[in-house]
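K.L.:
Below you will find the structure I want to go over with you.
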Amino acid sequence: MPENEPFEGGVGCGASRRPPPSPAGTGLRGEEPLSDSATSDPASAAPARRAPRPVLRLALLVLALAACVGLAVLVGAASISPGRVLAVLAGGGDPAARGIVLGLRLPRAVQGALVGGGLAVAGAAFQALLRNPLAEPYVLGVSGGAALGAVAALVLGWSAAGVWSLPVAAFCGALLAVGAVLAVAARSSLALDTRVLLLAGVVAGAFFNALIMLLLSLGRAEAFRSAIYWMMGSLSGAGWTETWILALYVLPCAAVLLALARPLNLLAVGEETALYLGTRVEGTKRIVYVATSLLVAATVSAAGAIGFVGLIVPHAVRLAWGSDHRLLMPASLLAGGAFLVLADTAARTVAAPAELPVGVVTALVGVPLFVTLLVRESGRGGGLG
Amino acid sequence: MSAGEPRTGRRGAGAGAPGARTRAAALAAEGLAFRYPRAARPTLDGVSFTVAPGELFGVLGPNGSGKSTLLRLLLGALGADGGRVRVLGRDLGTWGRRELARRVAVVPQHEDIAFPLSVEEMVAMGRYPHLGPWRAEGPGDRRAVREALARCDLSAVADRPVSTLSGGELQLGRLARALAQEPEVLVLDEPTVSLDLRHRMEIFGLLKQLAGPEGTTVLLVTHDLNAASRFADRLLLLDGGRQAAVGTPAQVLERETIERVYGWPVRVTRLPGPGPDAGAPQVTALATRHAPKEIA
């Protein structure tokens with residue numbers, strides 16, 4: 001219905017809450033683009049002052065991660081004095097201490113940093129891709145597939161074939177899940193619809209869970225126990241070889257996702273907007289999906305299914321420092337690593353000599369932390385960013 | 001208000017052969033046709049028009065007449081089933097997405113921002129096509145963002161989260177993002193829908209300023225017949241996917257045409273002065289569907 005406004009023009013913008021009411025035919029700042037740029041030039045100091053802040057924040061996180069790794073190396077079931085640990089790190093030390101610090105604690109801490117960082121970056125990327133702050137790798141069925149592969153290996157006795165069989169089976173399961181979810185989403189709509197992707201992921205996850213339960217109920221009791229423990233996540237199997245292999249997956253995939261920070265910023269605003277701002281939307285979504293899936297498959301096959309890191313860490317970073325993915329992605333990588341190293345240290349020491357599954361610790365610590373952040377933020381009236 | 005002669009844009013001179021560019025239409029559609037999968041009839045059928053550089057071109061039509069689809073075809077978000085689109089003298093298919101985004105800016109109808117974002121961050125996204133994934137923002141980029149914020153009167157709220165803006169401010173913010181792109185062609189999908197009087201006039205005034213003195217080509221889809229009449233150089237009226245009329249506001253906004261296309265009796269009057277747009281046709285819908293004919 002055409003609106004009734006034949007006389008607006010004569011009245012102009014009568015209320016003068018703002019500078020000169022713009023008569024028809026001129027812009028808001030009609031004739032003064034030159035004076036605009038002239039007067040605002042001194043203000044160019046402001047962005048320059050703001051520029052180093054992201055770098056400082058990342059440097060802070062690097063220090064935090066280093067501190068967490070340091071703590072993880074210092075404490076443990078065997079009591080080794082800080083002096084002996086430092087001697088080992090300096091290149092000396094007694095053989096017993098060397099074995100524990102360099103052979104057990106350090107690779108475990110490095111692996112924890114890789115797994116936590118990888119999961120957090122994958123979570124941040126999934127959240128931008130699905131435009132949903134509740135998305136995480138687990139929602140898309142990736143970890144369900146990995147868990148199915150690992151449980152199948154345990155129950156069907158493939159793990160007897162060698163130490164590699166379990167991670168390889170988990171990896172294959174994760175890729176199978178990714179392929180199935182992508183195929184369903186691609187079949188059901190012309191473009192990769194994120195809502196379909198989310199639904200397909202949830203359904204696939206439920207299906208894989210059912211298959212896992214089926215396998216477990218048919219399997220032997222000892223397989224059941226190790227499968228459950230593995231499903232809750234643990235870094236206890238970390239040696240240097242596994243850690244290097246994990247790094248080979250995590251670091252390139254994380255680098256790809258970090259490089260896509262600007263396209264992710266655009267995708268978080270909307271796919272149409274992203275397209276009009278120069279993003280090849282479908283291609284970018286595929287790259288993000290494949291890179292995050294590889295990342296999650298690698299971490300799950302190394303350390304089992306550790307939940308909440310991919311959800312909580314990006315969310316906390318976003319609440320604290322805003323949603324620009326150029327800061328959010330590297331910050332999530334570092335903070336996720338620090339968080340999981342800390343959680344694993346707690347898992348090793350709280351009930352020593354017994355060891356808790358680290359997934360339990362991440363959930364127990366992460367959920368209250370998350371709730372606190374959420375409540376504090378909404379109390380401030382939603383003033384985010 | 002006539003289409004005016006082709007003008008050289010602010011930034012037109014630096015980019016390639018100026019002679020060829022200023023002569024070519026900024027946007028041209030030729031026999032454009034599109035049918036959504038499983039749709040009973042085509043959404044667009046045989047739409048042809050050209051938009052000259054520096055022109056303010058309005059696309060009108062009832063709900064479902066194919067305005068937004070036309071816009072998506074012009075921008076390559078959808079592929080046409082028939083006909084062709086030329087943008088700045090080149091076939092649409094030969095443009096890369098980023099290359100296109102450096103010269104054509106779009107303000108989409110709807111956006112649902114998923115995460116907290118400051119106004120300045122949103123406007124700075126207009127520089128992404130110029131920067132690509134890697135390059136850091138330079139002083140020129142920061143200046144473009146600052147100027148776009150100032151032009152849209154948003155400098156004071158630059159640091160605020162977009163979630164705290166009013167509908168009018170948010171729309172101005174999206175327009176500022178498009179201005180930060182420093183485009184030669186600006187495309188808007190119903191930019192003034194649900195805005196109050198002042199914001200509506202501000203946006204139309206800004207578009208007029210961009211198109212006229214500054215030589216930016218502006219294509220806008222709108223339901224606001226009267227504002228389009230006052231501000232646009234030429235109009236395209238769509239009716240069920242076909243073009244009902246193309247031409248100056250006086251040519252398109254005729255009583256018979258509007259009544260046929262919208263299926264509602266209207267009266268067309270002339271805008272009283274003062275102002276540069278005095279005499280522009282203004283459409284008023286009558287109160288009841290079966291109005292006595294003598295009123296018209």
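K.L.:
Before we move on, is A:LEU264 of a type in the set (A, V, I, L, M), more than 14 Å from chain B (Cβ to nearest Cβ) and in a helix (DSSP H, G or I)? Before the answer, list the steps.
P.N.:
Values: of a type in the set (A, V, I, L, M): yes; more than 14 Å from chain B (Cβ to nearest Cβ): no; in a helix (DSSP H, G or I): yes.
For A:LEU264, the condition - of a type in the set (A, V, I, L, M), more than 14 Å from chain B (Cβ to nearest Cβ) and in a helix (DSSP H, G or I) - is not met.
K.L.:
Which of the residues spanning the stretch B:126-141 are under 30 Å from A:ALA316 (Cβ atoms), crowded, with 21+ Cβ neighbours inside 10 Å and within 8 Å of chain A (Cβ to nearest Cβ)?
P.N.:
Correct list: B:GLY126, B:TYR128.
K.L.:
Next up: Does A:ILE245 count as among the β-branched types (Val, Ile, Thr), within 14 Å of chain B (Cβ to nearest Cβ) and under 24 Å from the mean Cα position of the chain (by Cα)? Show your work before the answer.
P.N.:
Details: among the β-branched types (Val, Ile, Thr): yes; within 14 Å of chain B (Cβ to nearest Cβ): no; under 24 Å from the mean Cα position of the chain (by Cα): yes.
No: the conditions fail for A:ILE245.
K.L.:
For the stretch B:263-282, which residues satisfy the criterion of being surrounded by 18 or more Cβ atoms within 10 Å (Cβ to Cβ) and at the interface with chain A (Cβ under 9 Å from one of its Cβ atoms)?
P.N.:
Step one: list which residues in the stretch B:263-282 are surrounded by 18 or more Cβ atoms within 10 Å (Cβ to Cβ), which gives B:265-266, B:268, B:271, B:277, B:280-282.
If the condition is that a residue be surrounded by 18 or more Cβ atoms within 10 Å (Cβ to Cβ) and at the interface with chain A (Cβ under 9 Å from one of its Cβ atoms), then B:VAL266, B:LEU271, B:ASP277, B:ALA280, B:GLN282 are the ones that fit.
K.L.:
So, one more: Which residues, counting only those in the stretch B:100-123, are touching a residue at least 40 places away in the same chain (Cβ under 8 Å), in contact with a strand residue (DSSP E or B) (Cβ under 9 Å, 6 or more places away or on another chain) and assigned to a helix (DSSP H, G or I)?
P.N.:
Matches in the stretch B:100-123: B:ARG103, B:VAL119.
K.L.:
Which residue is modelled with the lowest pLDDT, if the candidates are limited to the stretch A:350-385 and must be exposed (fewer than 11 other Cβ atoms within 10 Å of the Cβ) and not aliphatic (A, V, I, L, M)? I'd like the intermediate steps shown before the answer.
P.N.:
Of all residues in the stretch A:350-385, those exposed (fewer than 11 other Cβ atoms within 10 Å of the Cβ) come to A:351, A:353-354, A:368, A:371, A:375-376, A:379-381.
In the following step, the residues that additionally are not aliphatic (A, V, I, L, M) were identified as A:353, A:368, A:376, A:379-381.
On the way: A:PRO353: 76, A:PRO368: 84, A:ARG376: 68, A:GLY379: 53, A:ARG380: 48, A:GLY381: 42.
Filtering the stretch A:350-385 for residues that are exposed (fewer than 11 other Cβ atoms within 10 Å of the Cβ) and not aliphatic (A, V, I, L, M), the one modelled with the lowest pLDDT comes out as A:GLY381.
K.L.:
Based on what the data block shows, is A:LEU295 surrounded by 23 or more Cβ atoms within 10 Å (Cβ to Cβ), away from chain B (no Cβ under 14 Å) and in a helix (DSSP H, G or I)? Write out each step before concluding.
P.N.:
Numbers: surrounded by 23 or more Cβ atoms within 10 Å (Cβ to Cβ): yes; away from chain B (no Cβ under 14 Å): yes; in a helix (DSSP H, G or I): yes.
Criteria met by A:LEU295.
K.L.:
Ok, one more. Is the stretch A:280-298 home to any residue that is at pLDDT 85 or above, in contact with a Lys or Arg (Cβ under 9 Å, 6 or more places away or on another chain) and under 25 Å from B:VAL119 (Cα atoms)?
P.N.:
yes
K.L.:
With respect to B:ASP91, is the statement that it is without any contact (Cβ under 8 Å) to a residue 60 or more places away in the chain and more than 13 Å from B:LEU186 (Cα to Cα) true?
P.N.:
The answer is yes for B:ASP91.
K.L.:
Which condition from (1) within 12 Å of chain B (Cβ to nearest Cβ); (2) more than 14 Å from the chain's Cα centre (by Cα); (3) buried (at least 20 other Cβ atoms within 10 Å of the Cβ) is the one that A:GLY270 breaks?
P.N.:
Tallying (1) within 12 Å of chain B (Cβ to nearest Cβ); (2) more than 14 Å from the chain's Cα centre (by Cα); (3) buried (at least 20 other Cβ atoms within 10 Å of the Cβ), A:GLY270 fails exactly one: (3).
K.L.:
Tell me, which helices (runs of 4 or more DSSP H) lie completely within the stretch B:147-262 with 3 or more residues that are buried (at least 21 other Cβ atoms within 10 Å of the Cβ) and small (Gly, Ala, Ser)? Give the derivation first.
P.N.:
Details: elements: B:167-180, B:197-211, B:225-231, B:249-252, B:255-262.
Those helices (runs of 4 or more DSSP H) span B:167-180, B:225-231.
K.L.:
Any idea which residue in the stretch A:58-83 is farthest from A:VAL110 (Cα to Cα), counting only those that are within 20 Å of the chain's Cα centre (by Cα) and surrounded by 18 or more Cβ atoms within 10 Å (Cβ to Cβ)?
P.N.:
Step by step, filter the stretch A:58-83, then rank; the result is A:LEU61.
K.L.:
Hey, any hits in the stretch B:61-82 for a residue that's more than 21 Å from the chain's Cα centre (by Cα) and within 30 Å of B:GLY31 (Cβ to Cβ)? Steps first, answer last, please.
P.N.:
Filtering the stretch B:61-82 down to residues more than 21 Å from the chain's Cα centre (by Cα) leaves B:81-82.
Going one step further and asking which of them are within 30 Å of B:GLY31 (Cβ to Cβ), we end up with B:81-82.
Looking through the stretch B:61-82, at least one residue is more than 21 Å from the chain's Cα centre (by Cα) and within 30 Å of B:GLY31 (Cβ to Cβ).
K.L.:
Suppose we keep only residues that are of a type in the set (Gly, Ala, Ser) and within 19 Å of the chain's Cα centre (by Cα) within the stretch B:86-118. Which one would you say is nearest to the other protein chains (Cβ to nearest Cβ)?
P.N.:
If we take residues in the stretch B:86-118 being of a type in the set (Gly, Ala, Ser) and within 19 Å of the chain's Cα centre (by Cα), then B:ALA101 is nearest to the other protein chains (Cβ to nearest Cβ).
K.L.:
Follow-up. Could you pull out the residue among A:PRO252, A:PRO263 that is without any contact (Cβ under 8 Å) to a residue 60 or more places away in the chain and buried (at least 19 other Cβ atoms within 10 Å of the Cβ)? Break it down stepwise before answering.
P.N.:
On the way: A:PRO252 fails: buried (at least 19 other Cβ atoms within 10 Å of the Cβ).
Answer to the selection: A:PRO263.
K.L.:
Within the stretch B:224-246, can you find the residues that are of a type in the set (A, V, I, L, M, F, W, C) and touching a residue at least 24 places away in the same chain (Cβ under 8 Å)? Can you show your working first?
P.N.:
Applying the first criterion (of a type in the set (A, V, I, L, M, F, W, C)) to the stretch B:224-246 yields B:225, B:227-228, B:231-232, B:235-238, B:244-246.
Correct list: B:LEU225, B:ALA227, B:ALA228, B:PHE231, B:ALA232, B:LEU235, B:LEU236, B:LEU237, B:LEU238, B:ALA244, B:VAL246.
The rows are residues; the columns are (1) under 21 Å from the mean Cα position of the chain (by Cα); (2) within 14 Å of another protein chain (Cβ to nearest Cβ); (3) among the acidic types (Asp, Glu); (4) more than 30 Å from A:ALA268 (Cβ to Cβ).
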residue: A:VAL85; (1), (2), (3), (4): no, no, no, yes
residue: A:ALA90; (1), (2), (3), (4): no, no, no, yes
residue: A:ASP94; (1), (2), (3), (4): no, no, yes, yes
residue: A:ILE100; (1), (2), (3), (4): no, no, no, yes
residue: A:GLY103; (1), (2), (3), (4): no, no, no, yes
residue: A:ARG108; (1), (2), (3), (4): yes, no, no, yes
residue: A:GLY116; (1), (2), (3), (4): yes, no, no, no
residue: A:ALA122; (1), (2), (3), (4): yes, no, no, no
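The values are calculated or read from the model by the stated rules, or taken from the named source; none is laboratory data. Small disclaimer: the values here were computed from a predicted structure and weren't measured. For neighbour counting, all protein chains shown are included, and Cβ atoms are generated from backbone atoms with ideal geometry for every residue, glycine included.
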